[in-house]
1. Loosely packed, with under 14 Cβ neighbours inside 10 Å and either touching a strand residue (DSSP E or B) at 6+ places or on another chain (Cβ under 7 Å) or at pLDDT 90 or above (or both): does that describe residue 45?
2. Hey, residue 37 hits all of (1) in contact with a helix residue (DSSP H, G or I) (Cβ under 8 Å, 6 or more places away or on another chain); (2) at pLDDT 85 or above; (3) surrounded by 12 or more Cβ atoms within 10 Å (Cβ to Cβ) but one; which does it fall short on?
3. Looking at 264, 244, 236, which is the one that is assigned by TED's automatic domain parsing to the domain that holds residue 194 and either modelled with pLDDT under 90 or within 30 Å of residue 173 (Cβ to Cβ) (or both)?
4. Here is a list of conditions, (1) over 30 Å from residue 31 (Cβ atoms); (2) modelled with pLDDT of 85 or more, and residue 134 meets all of them except one; can you say which number that is?
5. Looking only at the range 256-272, which residues are within 60 Å of the chain's Cα centre (by Cα) and surrounded by 10 or more Cβ atoms within 10 Å (Cβ to Cβ)?
6. For the range 252-274, what are the residues that are touching a residue at least 12 places away in the same chain (Cβ under 8 Å), within 19 Å of residue 215 (Cβ to Cβ) and in a helix (DSSP H, G or I)?
7. Given the criterion under 21 Å from residue 297 (Cβ atoms), within 57 Å of the chain's Cα centre (by Cα) and at pLDDT below 90, identify the matching residue among 197, 206, 285.
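The values are calculated or read from the model by the stated rules, or taken from the named source; none is laboratory data. Here the structure is a predicted model, which means the values were calculated and not measured. We place every Cβ from the backbone using ideal geometry, glycine too, and count neighbours over all the protein chains shown.
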């Protein structure tokens, strides 16, 4: 028998048999690649590392205890120190949820299938004992209407009930969304009105700023005039003290009376003109309003982040809105 060279074909490796870069194999994306346990929604929720590989929460907690988190699949080291910083893979959870739902439906259908021969309609249709055949007028010979098996009928009724429940639930959700839209429109209108008032407030700030500047100019002028009067009064006083001739007395006294009258007029302006009541009170009100608005903006930045962390997103929509605005949301428009 002649020996011929033959090509040696390598058998294909089963998916996951070699693992990922020498790491843990993960044949089933629905199970953890470390403990090979199916993900769940309690202790083994799927979490995805920055490198893209997903493992269950329990195994990742154990890895974090070593203070050196290294991906079991690709051996990449990560700086994460707490489990909460590793995001949950909601995509995998949704896939698992859909798989479970399909499995329940398949099991329900399988329970209605015949145990003897699954490739026939035997079992789905009633036997001779529980079959009621009838013929409508004009029906060709051999064509009969057969009643549905009771177990299958019950299953269809259950599905119909589930659909009704889903429709009612969606209609209620959409109703809440419509009410939410009503509140959004109302809030937008309020914001538009407030922005218009803010523009008016800005105009008032500019106006009062100009008024304060003019008031400051008047005060500065009065201060300058007061200094002149003080210097003139001091000079007159020195002249009085230096009088040596009788004929100089009349001139110095007249000069003293003049500057004393000017000082009296200055004191009258000082008392009656300042402060400008309208300018000062308006400035106080506008500064207080503006300060409160700015403080609310600063406080709201931190309060929003805290509320987002505390809110229960499983609550009905309008209940969540009520918590956020801290006000009663009425089911009326």
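1. On the way: loosely packed, with under 14 Cβ neighbours inside 10 Å: no; either touching a strand residue (DSSP E or B) at 6+ places or on another chain (Cβ under 7 Å) or at pLDDT 90 or above (or both): yes.
Judged against the criteria, residue 45 is not a match.
2. The one condition residue 37 does not meet is (1).
3. Numbers: 264 fails: either modelled with pLDDT under 90 or within 30 Å of residue 173 (Cβ to Cβ) (or both); 236 fails: either modelled with pLDDT under 90 or within 30 Å of residue 173 (Cβ to Cβ) (or both).
Just one listed residue meets the conditions, 244.
4. The number of the failed condition is (2).
5. Let us first name the residues in the range 256-272 that are within 60 Å of the chain's Cα centre (by Cα), namely 269-272.
Answer for the range 256-272, where residues must be within 60 Å of the chain's Cα centre (by Cα) and surrounded by 10 or more Cβ atoms within 10 Å (Cβ to Cβ): 269, 270.
6. 266, 269, 270, 273
7. Values: 206 fails: at pLDDT below 90; 285 fails: at pLDDT below 90.
Matching residue, one of 197, 206, 285: 197.
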